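*Asks:* Before I ask anything, here is the structure I am working with.
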Amino acid sequence: MRRVVLIFGPPGSGKTTLARTLGLAVYDRDDPGWTSEAHFRRAISALAQQPNAQAVVIRAGSTPNARAQAARLVAATEQRLLLVDADTCRQRIAQRGQTSQHIRRQMAAVDTWWTRYRPDSATPARGQAAPRRSTGDPNLKTSQWRAIRAHWQALRLPTCQAPRCLLPGQPIRYDGRRGPDSLDVGHIELRVHDTRTTWTIEDTRPEHSRCNQSAGGHAGNARKRPTLARPGTASRW
């Protein structure tokens, strides 16, 4: 019986370990035998044409679109997504005994994966309304915005994702104390549904508080309401 299993997850999540326990041929892009991404994709795409294929394919798959494309490419019969938190992934990578340069690349890849990660339910289906919130700039008083902030707080990604980071090399601080290097949530894209402004995790990124304020994203940096001059009182009627 044909069995092609797709395993997704960030570096250090245990994809290779799980793949080896399944007793199937393992297709892992990290293996040195693959000369390029195109070489690897040609090999795994051939699995879709094999009626008796017995294989497990390892892919990053941080977004629903990437996971769907991989499933179509190999005609997968099973999919498994390993959602291992970023801190655990980094600890596992540090214990692998690899070169410092490779470890740095893998650590950065963990942050990139979790920054891009979207669950399958993050994108509304065609014809389905997205979650709504009132028109205007999001603020932390709404339950939706608190949930978005809690998402990034739980991931604890150290790298500021602002386009122009003002504190390069300084990790984001998650201890709850306010400061220039503490966590703030930046806005990436505005989504409009039925004239209402909607914000989801897809529209946000973790940033230093200072970087977010400099871009005008903080309430204290918002456009100030113009002060209207008080009309003078006539001395004579």
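*Asks:* Can you tell me the FRET efficiency between ALA48 and SER100 if r is taken as the Cβ-Cβ distance and R0 is 45 Å, rounded to the nearest 0.05? Intermediate results must be reported in sequence, preceding the final value.
*Replies:* Values: r = 39 Å, r/R0 = 0.87.
For R0 = 45 Å, the calculated efficiency reads 0.70.
*Asks:* Using a Förster radius of 41 Å, what is the FRET efficiency between ARG164 and LEU82 based on their Cβ-Cβ separation? Nearest 0.05, please.
*Replies:* Once the sixth-power term is evaluated, E becomes 0.80.
*Asks:* Now for a different question. Just grab the label-to-label distance for GLN69 and ASP120, each label 7 Å out from Cα along the Cβ direction, in nm (one decimal).
*Replies:* 1.9 nm
*Asks:* For the residue pair SER182 and ALA25, what label-to-label distance in nm results when each label sits 7 Å from Cα along the Cα-to-beta-carbon direction?
*Replies:* Distance between label points: 5.5 nm.
*Asks:* So for the pair ASP175, ARG3, with labels modelled 7 Å out along Cα→Cβ, what separation do we get in nm?
*Replies:* Each label point is offset 7 Å from its Cα along the Cβ direction, giving 5.0 nm.
Taken together, the values in this text are just the output of simple stated rules run on the coordinates, not laboratory data. All figures in this text were calculated on a predicted structure; none of them were measured in a lab. Cβ sites come from the backbone with ideal geometry, for glycine too, and all protein chains shown count toward neighbours.
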